[in-house]
1. Right, Leu118: modelled with pLDDT of 65 or more and surrounded by 15 or more Cβ atoms within 10 Å (Cβ to Cβ) or not?
2. Looking at Arg124, Arg166, Arg113, can you tell me which residue is surrounded by 14 or more Cβ atoms within 10 Å (Cβ to Cβ) and either within 30 Å of Leu25 (Cβ to Cβ) or at pLDDT 90 or above (or both)?
3. How many residues are out of contact with any Phe, Trp or Tyr (no Cβ under 8 Å at 6 or more places or on another chain) and not hydrophobic (A, V, I, L, M, F, W, C) if we restrict to segment 38-56?
4. Leu51 - would you say it is part of a loop (DSSP other than H, G, I, E, B) and either hydrophobic (A, V, I, L, M, F, W, C) or in contact with a Gly (Cβ under 8 Å, 6 or more places away or on another chain) (or both)?
5. Does Glu4 satisfy the condition of being acidic (Asp, Glu), outside any loop (DSSP other than H, G, I, E, B) and either on the phi < 0 side of the Ramachandran plot or surrounded by 14 or more Cβ atoms within 10 Å (Cβ to Cβ) (or both)?
6. Hey, among the residues in segment 52-74 that are crowded, with 24+ Cβ neighbours inside 10 Å and either in contact with a Pro (Cβ under 7 Å, 6 or more places away or on another chain) or not charged (D, E, K, R) (or both), which one's nearest to Ile129 (Cα to Cα)?
7. If I go through segment 28-77 residue by residue, how many of them are touching a Lys or Arg at 6+ places or on another chain (Cβ under 6 Å), more than 22 Å from Ser92 (Cβ to Cβ) and not acidic (Asp, Glu)?
8. Would you be able to say whether some residue in segment 21-34 is among the hydrophobic types (A, V, I, L, M, F, W, C), within 18 Å of the chain's Cα centre (by Cα) and closer than 15 Å to Arg124 by Cα?
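The values are calculated or read from the model by the stated rules, or taken from the named source; none is laboratory data. No experiment lies behind these values; they were computed from the predicted model shown. Ideal geometry is used to build each Cβ from the backbone, glycine not excepted, and the neighbour counts take in all protein chains shown.
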Amino acid sequence: MGGEYDLGSGDPNRKDGKVTTFSNLFHSNHGFFGEADQVSWVNMIGKSANLTWDGKEFGKLRIAYWIVDKHKRQDGWYDVTGALKEGASTESITNERFKDPYVQTEKGALDQRSVVTLGKNLFREIDLIYSFKYKGILWALGGSWIFAGDAVRRKLNDDSISPEFRKTQFLPQAQFGYLMMTAQF
């Protein structure tokens, strides 16, 4: 049994000339913040509980549950490479704390949201990984189920957008799977 807690700071105002968003040197986070590689160690709080069973010659089975939130609601969602996924979640680039939360652009979308309308949770993820060694080759079979949090849902299913401009509803979940082999010599 295990648990993990990770925090990478975010920036409440990306336009003020001060950078407070943490950025790690190498963004190779596979296996650290979920198997599906949906987030970097930037503007995030990751919490995980996991269970690993070691069956010796029968292999290992690992189950993990992740909750990934934004550290600062105003900052964006950063993908596994550390790049900003601008527009993929609710954000307020200039920290519009007191702005009218329902002022729309000419296309019917909110330009800058007030902090009260921003979501915190990016996603929840369930990972299942089975690995075993056979004739010098380590095999791993993994699968992940990802469920969108309020920061993503509020952006994609935005009720504040005028109906004539609103995008279609999205399915708030995704799946990811892989089969990997590693030659050991």
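1. Numbers: modelled with pLDDT of 65 or more: yes; surrounded by 15 or more Cβ atoms within 10 Å (Cβ to Cβ): yes.
For Leu118, the condition - modelled with pLDDT of 65 or more and surrounded by 15 or more Cβ atoms within 10 Å (Cβ to Cβ) - is met.
2. Testing whether each residue is surrounded by 14 or more Cβ atoms within 10 Å (Cβ to Cβ) and either within 30 Å of Leu25 (Cβ to Cβ) or at pLDDT 90 or above (or both) leaves just Arg124.
3. 4
4. no
5. Spelling it out, Glu4 is indeed acidic (Asp, Glu), outside any loop (DSSP other than H, G, I, E, B) and either on the phi < 0 side of the Ramachandran plot or surrounded by 14 or more Cβ atoms within 10 Å (Cβ to Cβ) (or both).
6. Within segment 52-74, the match that is nearest to Ile129 (Cα to Cα) is Trp66.
7. Of the residues in segment 28-77, 2 are touching a Lys or Arg at 6+ places or on another chain (Cβ under 6 Å), more than 22 Å from Ser92 (Cβ to Cβ) and not acidic (Asp, Glu).
8. Checking segment 21-34: at least one residue is among the hydrophobic types (A, V, I, L, M, F, W, C), within 18 Å of the chain's Cα centre (by Cα) and closer than 15 Å to Arg124 by Cα.
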